[in-house]
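**Q** Handing you a structure now.
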Amino acid sequence: MVELADEVKESEAENNYNTPDQSTDENCSDTSLRDIKYNHIFVGAKFDNAVLFKNAVRDLAIKSQFNVKFTKSEKKRIIGVCTYTQCNWRVRSSLYNIDNIWHVTVLGTSHNCPGVNNSGNKVATSTWLLHAIKDIIKSNLNVSPRILKGLIKDQYNLVVPYMKLWRSREMARDLLYGFVDENYAWVPLLQKELVTRNPGSHITYEYDTTDFTFRKIFVSFKVCIEGFRLGCRPLVGLDACHLKGKFLGMMLSAIALDGNNQLFPLAFAVVENESKSTWSWFIQNLIIALNHKVADIVIISDMEKGIKESVRNHLPQCEHRWIARIRGKPVVDLVNTIRRMLMEQRKERKEMATISKEILTKVALDHIKLISRDKKQYLVTISSNTIAKIESLQGTYEVDIGKRECTCREWQISGLPCKHAAAFIATFPNPIWHAYVDDYYHVHRLNVLIKLYLLTCSSLLFL
Ligand SMILES: [Zn+2]
Ligand SMILES: [Zn+2]
């Protein structure tokens, strides 16, 4: 296999990489359409800008194993020729005034040259490589250079050195996430599209009223809210993480847990910073998304940078606890990530529920097994049918199985009986464990959640 030589015209490559008209390409969301644009050079083919045209010519040259050089690269005319002196192959593109688009006007059909071994192909510049891998990077930011190497080899019969691919991947990431304005220009469109596709979702954003720059966006899908109501425990984790890239913003999120302790995305927001004011805004929108039904929700967070105060101000009736951190991405990709997460979870959960013949979820069954193991170390003093005092080396607690409460508070928070409750329940002749487990841990709850997913996730497919 051939090895790609580092290109002499790196400087030209860098210039193209920074060309603002590359952004036009960034706004093209339809990859199939873009592939046609990139890969098909024919007389009459159109390109939005000179870079796209040149990259398409480079694709063609690499695939057909000849060298191309652009002998003319002017404001309104670009001419590419085969570098073999006796070969007459050429391609020409002109910028038409009428539509301000590049049109291919001349294209050679055959070469009278021996062609080149790809090892000598100077066409595969960094710019070209960037264009070749950009879509892959866009769909997977962390794709390894090794995988890129394989893809380039399959598609273009080229072997590109690992480090070169690594550098190009970094450049592609910068390019994709560097155009902050383009990324955020999507926001109003995204909001409209998401609400149309998911009626009842609460999606809102804010602009700076003086200069109209993007400030923040809040997204909560209806499917998530309904799923939360029907199939999750009333626990909501609030979290913040830094967004990578040139826009140094934050992502705030609200995550719930289903009956199998799987993370369930409830809402998220992209904001300028983590502060009392942004958390306040987030929580107020979360309350709207939850249709103000927040009375028995337990909030879990790290109690930092304004969360504590905001929760106290807006959700005074809610209990408040701990945290988990997750990595962030810019807003458009974030929405896609959450969507993908929902789709994957939907499949997984469907399988889980159809297999399970149990009344309780696996998490609940495992928990019961665990807590009933060391019941012997407790001294149980029964004071009524439902109330007992439980003594151990760790302390004394009072359990009320009628109210599903224990003074250790674990039962109230988790919805699963604590060790003390287990010690009491185990004194009954035939304990019906599922009667003491919160409804959220029953498999039928999960099934409701899955039905909802099947119904509404199909609409997310078309985004
Ligand atoms: Zn030729
Ligand atoms: Zn307890």
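The values are calculated or read from the model by the stated rules, or taken from the named source; none is laboratory data. Just so it is clear, the model here is predicted, and its values are computed rather than measured. Positions of Cβ are generated from backbone atoms using ideal geometry, with glycine treated the same way; all protein chains shown enter the neighbour counts.
**Q** Answer with yes or no whether residue 291 is over 27 Å from residue 410 (Cβ atoms) and more than 25 Å from the chain's Cα centre (by Cα).
**A** Yes, satisfied.
**Q** Would you check which residues across the range 71-121 are in contact with a His (Cβ under 7 Å, 6 or more places away or on another chain) and within 10 Å of ligand 1 (Cβ to nearest atom) and list them?
**A** Start the filter on the range 71-121 by keeping residues that are in contact with a His (Cβ under 7 Å, 6 or more places away or on another chain), which leaves 82, 87, 89, 93-94, 96.
Passing the criteria: 82, 87, 89.
Conditions (1) at pLDDT 80 or above; (2) β-branched (Val, Ile, Thr); (3) under 35 Å from the mean Cα position of the chain (by Cα); (4) within 12 Å of ligand 2 (Cβ to nearest atom), marked per residue:
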site	(1), (2), (3), (4)
351	no, no, yes, no
358	no, no, yes, no
364	yes, no, yes, no
384	yes, no, no, no
388	yes, no, no, yes
395	yes, no, no, yes
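**Q** Name every residue in the range 136-146 that is of a type outside the set (D, E, K, R) and surrounded by 14 or more Cβ atoms within 10 Å (Cβ to Cβ), in order of residue number.
**A** Taking the range 136-146 as the starting set, the residues that turn out to be of a type outside the set (D, E, K, R) are 136-137, 139-145.
Matches in the range 136-146: 136, 137, 141, 143, 145.
**Q** Something else: In the set 420, 367, 434, which member is in contact (Cβ under 8 Å) with a residue 60 or more places away in the chain and away from ligand 1 (no atom under 16 Å from the Cβ)? Don't jump to the end; show me each part of the working.
**A** Numbers: 420 fails: in contact (Cβ under 8 Å) with a residue 60 or more places away in the chain; 367 fails: in contact (Cβ under 8 Å) with a residue 60 or more places away in the chain.
From the options 420, 367, 434, the qualifying one is 434.
**Q** Still on this structure: Has the range 97-119 got at least one residue that is more than 16 Å from ligand 2 (Cβ to nearest atom), over 30 Å from residue 147 (Cβ atoms) and of a type in the set (D, E, K, R)?
**A** Taking the range 97-119 first, the residues more than 16 Å from ligand 2 (Cβ to nearest atom) are 97-119.
Subsequent filtering for residues that are over 30 Å from residue 147 (Cβ atoms) retains 97-114.
From what is left, the residues that are of a type in the set (D, E, K, R) are 99.
Looking through the range 97-119, at least one residue is more than 16 Å from ligand 2 (Cβ to nearest atom), over 30 Å from residue 147 (Cβ atoms) and of a type in the set (D, E, K, R).
**Q** For the range 60-76, state whether one or more residues are of a type in the set (Phe, Trp, Tyr), touching a strand residue (DSSP E or B) at 6+ places or on another chain (Cβ under 9 Å) and away from ligand 2 (no atom under 16 Å from the Cβ). It would help to see each step written out before you state the result.
**A** In the first step, residues of the range 60-76 are kept if they are of a type in the set (Phe, Trp, Tyr); the result is 66, 70.
Of the ones still in play, those that are also touching a strand residue (DSSP E or B) at 6+ places or on another chain (Cβ under 9 Å) are 66, 70.
Restricting the remaining residues to those that are away from ligand 2 (no atom under 16 Å from the Cβ) gives 66, 70.
Scanning the range 60-76, I find at least one residue that is of a type in the set (Phe, Trp, Tyr), touching a strand residue (DSSP E or B) at 6+ places or on another chain (Cβ under 9 Å) and away from ligand 2 (no atom under 16 Å from the Cβ), so the answer is yes.
**Q** Residue 102: touching a strand residue (DSSP E or B) at 6+ places or on another chain (Cβ under 8 Å), assigned by TED's automatic domain parsing to the domain that holds residue 48 and closer than 20 Å to residue 40 by Cβ, yes or no? Give the steps one after another, and end with the answer.
**A** Numbers: touching a strand residue (DSSP E or B) at 6+ places or on another chain (Cβ under 8 Å): yes; assigned by TED's automatic domain parsing to the domain that holds residue 48: yes; closer than 20 Å to residue 40 by Cβ: yes.
So residue 102 fits the description; yes.
**Q** Would you mind finding the one in 161, 145 that is of a type outside the set (A, V, I, L, M) and in contact with a helix residue (DSSP H, G or I) (Cβ under 7 Å, 6 or more places away or on another chain)? Lay out the reasoning, then the answer.
**A** Details: 161 fails: in contact with a helix residue (DSSP H, G or I) (Cβ under 7 Å, 6 or more places away or on another chain).
Going through 161, 145 in turn, the sole match is 145.
**Q** Test of understanding: among 66, 47, which residue is within 15 Å of ligand 1 (Cβ to nearest atom) and either modelled with pLDDT of 90 or more or on the phi < 0 side of the Ramachandran plot (or both)?
**A** Working: 47 fails: within 15 Å of ligand 1 (Cβ to nearest atom).
None of the others qualify; the one that does is 66.
**Q** Separate question: Consider residue 123 carefully, then state whether it is of a type in the set (A, V, I, L, M) and modelled with pLDDT under 80. Don't jump to the end; show me each part of the working.
**A** On the way: of a type in the set (A, V, I, L, M): yes; modelled with pLDDT under 80: yes.
Yes, satisfied.
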